Ligand SMILES: NC(=O)c1ccc[n+]([C@@H]2O[C@H](COP(=O)([O-])OP(=O)(O)OC[C@H]3O[C@@H](n4cnc5c(N)ncnc54)[C@H](OP(=O)(O)O)[C@@H]3O)[C@@H](O)[C@H]2O)c1
């Protein structure tokens, strides 16, 4: 991959994670220009990485960069973008959640090369999975350094993956509830988490490694006839666990399709 100059408009949580991932050794980009807000995050990044410089303002980020990442919150995107001048065909990556591509292009007001992406905080450790739309080799290369890039051929695919990216809190809540359950029933503090976290890692690794086996089949394989896993799965389904999950995903997908993400 060519080492490009990358810039960030909006230096918040996700920009911080991306910059850390991109500049982990060996660095994947040659220069990183960040906007001055948030000032604490910007100054911390500039102090830690020689490749990072803080621009005077958002326009200076654009002027200094081959690829510009838009990483402000959706609520201010129009205000921020409308006042800026991008170069024709400039590479622009928007990580702004659930904001329509046509709206972004209208606010940008120039014929840029716009790609949308959903990086997750794990990119800081180069362990993220990032949905990218539309497919783009340069952008996919960036997110492949930061973990795994999944390129979406359609907006529908992209919105579907965006919906499942909203499962993170729920999965952590399942882990938290299991640990709380263990401790309330007498397991010493710390042991439950030490057990549950690797259990979830092993399950994810099994799902990743066994790509040819449908997940439903994998689930059944762990549910030995008459065994404990089969019993818990049956209780979960009988008590509406799967239905609750499906309904929650349907509702968040609707919100994404209506352009209401944050
Ligand atoms: N966090 C995630 O895991 C995640 C994942 C995927 C996508 N996203 C998307 O990424 C975007 C940023 O999310 P975030 O979590 O990083 O939010 P955040 O931490 O609030 O970062 C947004 C940053 O924008 C800065 N900002 C405010 N006004 C600005 C302006 N006029 N010009 C330039 N920067 C300005 C803010 O600075 P101040 O602090 O000074 O106001 C803040 O540092 C959102 O659209 C979100 O949907 C986030």
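Worth a mention:
- Taken over segment 108-118, the criterion of being near the ligand (Cβ under 10 Å from one of its atoms) and either more than 18 Å from residue 135 (Cα to Cα) or touching a helix residue (DSSP H, G or I) at 6+ places or on another chain (Cβ under 6 Å) (or both) is satisfied by 118 alone.
- Hits in segment 107-121 - residues which are in contact (Cβ under 8 Å) with a residue 40 or more places away in the chain and surrounded by fewer than 17 Cβ atoms within 10 Å (Cβ to Cβ): 121
- Taken as a whole, the structure leaves residue 140 outside the set of residues that are more than 16 Å from the ligand (Cβ to nearest atom), surrounded by fewer than 15 Cβ atoms within 10 Å (Cβ to Cβ) and assigned to a helix (DSSP H, G or I).
- Taking segment 6-107 and the helices (runs of 4 or more DSSP H) fully enclosed by it, the elements with 3 or more residues that are within 19 Å of the chain's Cα centre (by Cα), under 17 Å from residue 130 (Cβ atoms) and more than 9 Å from the ligand (Cβ to nearest atom) are at 13-23.
Coordinate-derived values only; no laboratory data. Remember, predicted model here, so these are calculated numbers, not experimental data. No Cβ is skipped: glycine too gets one built from the backbone with ideal geometry, and neighbour counts run over all protein chains shown.
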